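Structure, as structure tokens:
The values are calculated or read from the model by the stated rules, or taken from the named source; none is laboratory data. Worth saying up front: this structure is predicted, and the values here are computed from it rather than measured. Methodologically, a virtual Cβ is constructed for each residue, glycine included, from the backbone with ideal geometry; neighbour enumeration extends over all protein chains shown.
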Amino acid sequence: MKVILLKILSILIIIISGYTLKKLSFFSKTDYKLISKIALNITLPATTILSFKTFQKDLSLLGVIPIGIICNLILLSIGGFISRKKDDKLKALYIISGSGYNIGSFTLPFLYNFIGPLGVICTCMFDTGNAPFCVGGSYSFANLFFKKNDGENLIKSLSKLLYSIPFITYIIMLFITFSNITLPESFYSLISPIGISNTFLSMLMIGMMFEVEFKKEYLFHSASILIIRYSMATIFALVFYFLLPFSLEIKKILILLMFAPISGVGPIFVDKCNGDVGLASFISSVSIIISVIIMSSLMFFI
């Protein structure tokens, strides 16, 4: 328990430090973009590679991929149903902001810090199903509700994954592992200092990105979306724990994944639908606070 508390405290200190240093003008409001590029394209791929060092082939983990797809489809459908009588701007908000899981910049470093390599592998499997929705799939889904044909189609959205360095790294390492190819120990030693810095950079970036501008008009819709989101997360978690045929350790990881924050790029696609990007950003930021509290608390019980 003491170790868990110290890890939670260290993560909170890094996030708070990033936010505080931004407010003190040590960082500018746009400096997080540089940290984001470093974390997502250098340290995160290194962390993924290191996680495969001790990974034992487990074909059952492939079953985690469709879970990422199914969870998103359910959240998208619920958002579309609830907002069916609202205008297109609110439809976009409920559909896009209510779905997608922030994996790369928050959940993956969080789980790596607490669970280790298996947490990374399982999370990457989940993100294989989740990522297509985050890079434009949800936006395409929203356009189906608008009955518009001028948005990006799903194939174009999926093609963005081919330019994602973390995703490509994960696919390559998966191929190497299942092909029984062994990488030299010196290679892992070489990238180890890079990989272990990912948690610090990712949490610092979260703090630098964090911004909550509270407005009264945000209250109803943000509360509605967040209540739906975390209520469904609870239902998913119970279903996974009692019904899925995975090991207890994998079930624990999946439960934590369900309470991951909303995708950080959601506001970009809400804006493309002419929705309220300020409200979407507010919801995304608040979800980080909620997720830190819930996921940290769950570490004591699962």
Given (1) in contact with an Asp or Glu (Cβ under 7 Å, 6 or more places away or on another chain); (2) crowded, with 19+ Cβ neighbours inside 10 Å, number of the condition Phe27 does not satisfy: (1)
The stretch 243-275, residues that are among the hydroxyl-bearing types (Ser, Thr, Tyr) and either more than 14 Å from the chain's Cα centre (by Cα) or at pLDDT below 85 (or both): Ser247
Among (1) at pLDDT 90 or above; (2) of a type in the set (D, E, K, R); (3) farther than 19 Å from Ile288 by Cβ, the one test that Lys89 misses: (1)
Residue in the stretch 56-80 that is surrounded by the fewest Cβ atoms within 10 Å (Cβ to Cβ), counting only those that are farther than 22 Å from Leu108 by Cβ and not hydrophobic (A, V, I, L, M, F, W, C): Ser77
Residue match in the stretch 41-55 (condition: in a loop (DSSP other than H, G, I, E, B), surrounded by 24 or more Cβ atoms within 10 Å (Cβ to Cβ) and either modelled with pLDDT of 90 or more or among the basic types (Lys, Arg) (or both)): no
Residue in the stretch 273-280 that is surrounded by fewer than 22 Cβ atoms within 10 Å (Cβ to Cβ), in contact (Cβ under 8 Å) with a residue 24 or more places away in the chain, in a helix (DSSP H, G or I) and not acidic (Asp, Glu) present: yes
Residue count, the stretch 1-38 (criterion: part of a loop (DSSP other than H, G, I, E, B) and of a type outside the set (Phe, Trp, Tyr)): 7
Residue in the stretch 199-212 that is under 15 Å from the mean Cα position of the chain (by Cα), of a type in the set (S, T, N, Q) and crowded, with 16+ Cβ neighbours inside 10 Å present: yes
Matching residues in the stretch 81-99 - criterion: being in a loop (DSSP other than H, G, I, E, B) and either out of contact with any helix residue (DSSP H, G or I) (no Cβ under 6 Å at 6 or more places or on another chain) or surrounded by fewer than 18 Cβ atoms within 10 Å (Cβ to Cβ) (or both): Arg84, Lys85, Lys86, Asp87
Tally, over the stretch 198-235, of residues that are within 17 Å of Leu256 (Cβ to Cβ) and aliphatic (A, V, I, L, M): 5
Pairs where the first residue, in the stretch 97-120, is at negative phi and the second is of a type in the set (Asp, Glu), C-beta under 6 Å, 6+ apart: Ile103/Asp127
Restricting the stretch 196-230 to residues that are charged (D, E, K, R) and at pLDDT below 95, the residue that is nearest to Ile38 (Cα to Cα): Glu211
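Conditions tested, residue by residue: (1) more than 19 Å from Ser97 (Cα to Cα); (2) in contact (Cβ under 8 Å) with a residue 60 or more places away in the chain.
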site: Met205; (1), (2): yes, yes
site: Glu213; (1), (2): no, yes
site: Arg229; (1), (2): no, yes
site: Met232; (1), (2): no, yes
site: Met258; (1), (2): no, yes
site: Ile262; (1), (2): no, yes
site: Ile268; (1), (2): no, no
site: Ile283; (1), (2): no, yes
Helices (runs of 4 or more DSSP H) enclosed by the stretch 100-195 - at least 3 residues per element that are more than 18 Å from the chain's Cα centre (by Cα) and modelled with pLDDT under 90: 138-146, 154-159, 165-178
Some residue of the stretch 5-16 being over 23 Å from Phe114 (Cα atoms), modelled with pLDDT of 85 or more and either of a type outside the set (Asp, Glu) or touching a Gly at 6+ places or on another chain (Cβ under 7 Å) (or both): no
The stretch 219-265: number of residues that are β-branched (Val, Ile, Thr), assigned to a helix (DSSP H, G or I) and in contact with a Cys (Cβ under 9 Å, 6 or more places away or on another chain): 2
